[in-house]
1. Tell me, how many Å apart are the Cα centres for segment A:72-135 and for segment A:238-277?
2. I'd like the FRET efficiency for residue B:134 and residue A:224, computed as 1/(1 + (r/R0)^6) with the beta carbon distance as r and R0 of 35 Å, rounded to 0.05.
3. When chain A is modelled as a GNM with alpha-carbon springs shorter than 10 Å, which of A:153, A:13, A:266 fluctuates the most?
4. Helix A:286-296 sits at what angle to the longest principal axis of chain A, using alpha carbons and giving 0 to 90 degrees rounded to 10?
5. Grab the beta carbon distance between residue A:204 and residue A:282, set R0 = 45 Å, and tell me the FRET efficiency rounded to 0.05.
6. Would you give the gap between the C-alpha center of segment A:144-196 and the C-alpha center of segment B:53-124, rounded to a whole Å?
7. Sorting A:1, B:148 on the 10 Å Cβ count, fewest up front, what's the list?
8. Please compute the average number of Cβ atoms from other chains found within 10 Å of each residue's Cβ in peptide B:71-80.
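Values in this text are rule-based calculations from the coordinates and carry no lab data. Predicted model only: the values in this text are computed from it and were never measured. Because the Cβ atoms are built from the backbone with ideal geometry, glycine has one as well, and the counts that use them run over all protein chains shown.
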């Protein structure tokens, strides 16, 4: 790790000002990803602004019926929040599907959005990587790419976004509130993360110095008919090969509203709005689910080692839609469900 | 900004002296002020500066759980957090849970159930299990397994570890059957 200076911000304005006053600087939340990347010299900030103790850790009702998740609330506090459990159980399940209890106790909500890919070549500074060093090439294309993207990739980068929480957020469609040198703004979650294109060094659309202050969930939480299905190499403490977040609203057996997002398949949490449109007005049947799943992966492209993900994703979507319709998850697909 | 502890040494040229500043930690009930560089992890601060070597360094990347300690009663990986981030926090390490003459219930259960072989992961396992007890969310064997998954055991003593943790959870009346 390279040396750096450190300061602890007292409020949001102080944090933004302090970061702007230093060149290669970074905001520090829980540190579970940033400090790890600094140990590998993948990230080399000369200055860290600790924002973890800013008063942004509340989870509180919004006047419009939604729920505000503070940027520095931990993943654990968010997952186990009574409002989240009752109104957004898909989010509870997605957070608990990720990482370990220790990591969830430290990691913050904003940090979950800001975490970087776990592409092996991104982590290995001895290999070319366009995300780490723009223009150097992509070692994953033509290399070992079992965990890589099948949707929305580019010739410059086939990395995936590693988050579980963000897949549920993509389905729930919150607003990301940020504060920066030019004031405050709100960003729709689906616009926050970006596809790699020819600039894979940018994971999201934040401008220099902008700090996430909260995630504002809308009222609709799909608490009755939802699922978060995560498929991986071992049943706990592993990143998703493919994950699926589904929220449905049903009238009888007819789907009246639908959300569908995938993890582990793209550079960003992959919400498919066209698939959602295909579901609306249709009967919740295996035939519908199969047709929609085929649509989602119709343009998927394998890279060799990850070809299996296309069929895995197709089947996972069907299973997730089935479980959401039933309003219950298979025991093996649920996380910590005996909790009162 | 509340504090600017240090200035970074120059990159290249003459090596600058390592800049340190005082960091006050409450470790196992004792207040300690350590002179630390900002890049010192909580794990290194405990082992190399507070000389509490019960906490182990396994992977140093948050993947094995050997470095688990309790910060304000909550378990975290001490390798992935900086000591300077914990000014005035209460840190509990394996040395703070019990003594050789007065083992904590978890420590006794680990002995009774043969829950280790080489013992390297054990301080992290026990601190993690103490965090699990503090959280109060493990009510079944499956949930104990899931909530202990952040701690790896290279010797494969998982059966004994599960039995030990299960016994203490059950003794607290928290198992659902």
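1. Centre-to-centre (Cα) distance: 19 Å.
2. Result of the calculation: an efficiency of 0.60.
3. Result for chain A, Cα springs under 10 Å: A:13 fluctuates most.
4. Roughly 30 degrees between the two axes.
5. 0.85
6. Going from one Cα centre to the other spans 35 Å.
7. Going from sparsest to densest Cβ surroundings: A:1, B:148.
8. Counting Cβ atoms of other protein chains within 10 Å of each residue's Cβ and averaging gives 6.
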